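The structure that follows is given in the form of structure tokens.
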Amino acid sequence: MSKNKLKFNLISAKETYPLRQMNLRQKLAVEECSFDHDDDATTFHIGAVVQHKIVSIATFVQEPCKGLEAKLPYRLRGMSTHKEFQGQGLGTELIAFAEIELKERHCDLVWCHARMKAVKFYQDSGFQIIGQDFEIEGIGPHKTMYKVLIPR
């Protein structure tokens, strides 16, 4: 991916819906792909944009993680990359961009519920597993993963 074609932007919740629907919520209509807290003042959404097209997304919600102490934790939700752009490092670059934004917001810990097929990706980005595997009905097995951004 040519760096001069790739940009990362803060985007609206609605701009995340098409990729959420395509890769994460196929059984729902696009307009049904909102998450709780999408529009909270502290929530933000990042999009990787190539030639004016959003090709990778992630949502960050200020939310504590059970079992982990943090002053200002954020939960990563709905990370997704368009099928045509998968395997090109966009997700890794999006996480790196997000970490800068999170640190600017004084976030000390980011966490997520990772689908099993995404665990290695998150581990390669410095996330660690906490707790036992669990099932999200209709979606499948997950692991809770986290990364400390600002050490104490």
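Give me the number: length gained by fully extending Asn23 to Asp39, i.e. 0.36 nm times residue separation minus the C-alpha to C-alpha distance, one decimal in nm. Mind dumping the intermediate values first?
Details: separation 16, 0.36 × 16 = 5.76 nm, distance 2.12 nm.
Length gained, Asn23 through Asp39: 3.6 nm.
What is the distance in Å between the Cα centroid of the range 13-29 and that of the range 100-152?
Cα centroid to Cα centroid, the span is 20 Å.
For the range 72-152, with every protein chain kept in place, what is the accessible area per residue (1.4 Å probe, Å²)?
On the way: 4350 Å² over 81 residues.
Using a 1.4 Å probe on heavy atoms only, each residue of the range 72-152 averages 54 Å².
At 1.4 Å probe size, with the rest of the protein present, what percent of the exposed accessible area of the chain is carbon and sulfur atoms? If you can, show how the numbers build up before the last one.
Details: 4390 of 8650 Å².
Carbon-and-sulfur percentage of accessible area, whole number: 51.
Continuing with this model, one more query. How do Leu24, Leu19 rank by accessible surface area computed with a 1.4 Å probe, from largest to smallest?
On the way: Leu24 30, Leu19 10 Å².
Putting Leu24, Leu19 in descending order of accessible area: Leu24, Leu19.
The range 1-74: which GluC sites (Glu not before Pro) are DSSP loop and have at most 13 other beta-carbon atoms within 10 angstrom?
Values: sites: Glu15, Glu31, Glu32, Glu69; in loops: Glu69.
Sites meeting the loop and neighbour criteria: Glu69.
What trypsin sites (Lys or Arg not before Pro) does the range 36-72 have in DSSP loop regions with at most 10 other beta carbons within 10 Å?
Numbers: sites: Lys53, Lys66, Lys71; in loops: Lys66, Lys71.
Passing both the DSSP loop test and the Cβ count: Lys66, Lys71.
Let me ask another. Over 21 Å, how big is the tail of the calculated P(r) for the chain, in percent of all Cα pairs?
Here the long-distance tail beyond 21 Å is 43 percent of all Cα pairs in the chain.
The values are calculated or read from the model by the stated rules, or taken from the named source; none is laboratory data. In this text, all values refer to a predicted model and were calculated from it rather than measured experimentally. Here Cβ is always computed from backbone atoms with ideal geometry, including for glycine, and neighbour counts include all displayed protein chains. Calculation scope for accessible area: heavy atoms of the full protein, side chains included, ligands and nucleic acids excluded. Shrake-Rupley method; radii C 1.70, N 1.55, O 1.52, S 1.80 Å.
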